[in-house]
Amino acid sequence: MEEYLKATAAIEVDHPLIRSKAVELTGECQSAHDKVLRLFAFVRDRIPYNLFMISMHPDDFRASFVLAAGKGYCVQKAVLLCALARSAGIPTRLALARIRNHRIPADLQARLGRNEFPGHGYNQFLLDGQWVSAAATFDAALCKRIGVPVVEFDGRNDAMLPAKALDGGPYIEYLEHYGYFADLPLAFITERTSKIWGRDKRAWKRPEDDTGFP
């Protein structure tokens, strides 16, 4: 179990920014459940989802980088949430899946040439002796804008991206689960995502960085 509490190069449990934020968010919490809910809500909504933060470079996945950038895509957000939860004493691991997003904007689908994403990241927390999964991927503001349910997590039941949008149409389809990981499997991720984005892709930290597909 120790492996799900320790720091790694990406999951910077002991980084001052991570420790400070974890204490700020959970210092008054009375239980592990309360801590997880606070941390999940923070990463879901205060670190907005941004697809163009996708990167093939390890520095762009460090939890402190994602926290400082204030945005990220699913894997980066999962790394940050993992670091915060471990810092708060909660055993946490990363999980990966291949998904299809039926609500991807038409122009973005044309740009990417697909609506399938081979490296979707989320988290699993050990609570009351059970591993519980949760995806803090899409912030509430984005969900409202595109008409899909916000993922709500109660710390007891799995909270994955929903299969249906608010209008009843298809939304997220989980195609394959790759399993769980104590550390960021960057080579595993980049092997798949580089086929879409190229091997030199770095996080686009500013809006003006999104000047075209690499």
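Stretched out straight at 0.36 nm per residue, the stretch from Glu152 to Arg46 would grow longer than its current Cα-Cα span by 36.7 nm.
Cross-link partners of Lys144 among lysines, defined as those whose alpha carbon lies under 20 angstrom from its own and excluding same-chain residues fewer than eight positions apart: Lys71, Lys77, Lys164.
I'm a student and want to see the number: the projected area of the Cα convex hull of region 139-214, averaged over all directions, in nm².
Working: hull surface 30.8 nm².
About 7.7 nm², averaged over all directions.
A simple spin-label model places the labels of His102 and Lys164 1.0 nm from each other, with each point 7 Å out along Cα-to-Cβ.
How much of the DSSP beta bridge set in region 6-139 is antiparallel, as a percent to the nearest 5?
Numbers: 13 of 14 bridges.
Here the share of antiparallel DSSP bridges comes out near 95 percent.
When the Cα atoms of region 1-93 are aligned to their principal axes, the ranges along those axes come out at 37, 27, 20 Å in descending order.
How high is the relative contact order of region 81-145, given as a whole-number percent (alpha carbon pairs under 8 Å, six or more residues apart)?
On the way: 72 pairs, mean separation 20.0, N = 65.
Taking the mean separation of contacting Cα pairs over the length of region 81-145, I get 31 percent.
When Lys and Arg each count +1 and Asp and Glu each count -1, what net charge do the other residues less than 11 Å away from Val148, Cβ to Cβ, add up to? Counting the neighbours of Val148, the net charge comes to +3.
Dipole check for the chain: with +1 at the C-beta of Lys and Arg, -1 at the C-beta of Asp and Glu, and the Cα centre as origin, the magnitude is about 400 Debye. Among Asp107, Asp59, Asp14, the largest mean-square fluctuation in a Gaussian network model of the chain (Cα springs under 10 Å) belongs to Asp107. Among Tyr180, Tyr122, Tyr49, which one shows the highest mean-square fluctuation when the chain is modelled as a Gaussian network with alpha-carbon springs under 10 Å? Result: Tyr180 has the largest fluctuation of those listed. Pick from Phe181, Phe40, Phe138 the residue whose mean-square fluctuation is largest in a GNM of the chain, springs joining Cα atoms under 10 Å. Sorting by GNM fluctuation, first place goes to Phe181. Arranged from fewest to most other beta-carbon atoms within 10 Å of their beta carbon, Met53, Met160, Met1 become Met1, Met160, Met53. Couplings 3J(HN,Hα) for region 84-98, derived from phi with the Karplus relation 6.51 cos²θ - 1.76 cosθ + 1.60 (θ = phi - 60°), are 5, 5, 4, 4, 8, x, 9, x, 9, 9, 8, 9, 10, 8, 9 Hz, where x marks Gly and Pro. Under a 5 Å amide H cut-off, with hydrogens placed 1.01 Å from N, Asn50 pairs with Gly72, Tyr73 among residues at least 5 apart or on other chains.
For region 2-198, what does the relative contact order come out to in percent, with C-alpha contacts under 8 Å and a separation of six or more? Present the calculation step by step, with values, prior to reporting the outcome.
Working: 370 pairs, mean separation 47.4, N = 197.
Averaging sequence separation for qualifying contacts and normalising by length gives 24 percent for region 2-198.
Taking label positions 7 Å along the Cα-Cβ direction at both Glu24 and Asp59, the computed distance is 2.4 nm, reported to one decimal.
Annotation for Lys195 and Glu176: the two label points, set 7 Å from Cα along the Cα-Cβ direction, are 0.8 nm apart.
Only the coordinates and a few stated rules stand behind these numbers; no lab work does. This structure is a prediction, so every number in the text was calculated from the model and none was measured. Because the Cβ atoms are built from the backbone with ideal geometry, glycine has one as well, and the counts that use them run over all protein chains shown.
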